[in-house]
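*Asks:* Please see the structure below; I have some questions.
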Amino acid sequence: MKKLLTLIMSIALGSSAFAGSVSYSGKAGKAVQPVAPEVGCNAFESKFALGVFGGAILPSGDRGGDALGGGVLGEYFFCPNFGVQMSYGLYATDKEHHQFDGSLVFRYPITSLCIAPYVFTGGGYSTNSVQGGDIHVGGGLEARFTSINNLGVFADGAYHFSDNGDFTIVRLGVKFPL
């Protein structure tokens with residue numbers, strides 16, 4: 001039995017010696033990287049935006065009643081979180097109220113929902129109804145629609161501290177990224 005087992009092993013090893021040399025085609029296989037699914041939106045990457053808004057001025061104290069109005073804005077973001085915004089609004093108080101504002105804006109984009117809450121602060125100047133400078137603080141929320149060229153819809157409010165009487169401005173509008 002031992003001789004038979006030795007014979008089978010010898011034939012098995014000997015036959016592999018006559019099988020020929022090993023050759024390779026020289027074509028290396030290429031690894032295919034899977035495409036990662038897109039998570040959230042990248043709509044808050046744009047730098048410039050122009051916008052229009054409708055709003056209301058809500059005076060405090062004896063400054064008069066609430067008044068509706070609207071305006072335009074322009075903004076530039078240095079990165080997705082920090083930017084500057086300039087706006088002009090006209091409100092129909094007893095005499096028209098022209099409001100010019102400049103703001104520093106901090107926003108926190110939530111890309112999974114394509115929204116960005118934000119806070120802002122800055123200074124401004126009003127003329128006609130009351131003339132004078134003011135400082136303001138405020139906050140709001142912006143939603144972007146990637147299917148409509150990253151169009152933004154926003155709502156915000158700002159409290160203005162002024163020597164001529166404090167007031168609040170609330171706005172609802174759209175932004176067009178450039």
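The numbers here are math on the coordinates, done by the rules we state, and not lab data. Remember, predicted model here, so these are calculated numbers, not experimental data. Using ideal geometry, Cβ is built from the backbone for each residue, glycine included, and neighbour counts are taken over all protein chains shown.
*Asks:* Below 8 Å between Cα atoms, with a sequence gap of 6+, how large is the relative contact order for region 87-178 in percent?
*Replies:* 20
*Asks:* Can you tell me the FRET efficiency between A143 and F82 if r is taken as the Cβ-Cβ distance and R0 is 22 Å, rounded to the nearest 0.05?
*Replies:* 0.65
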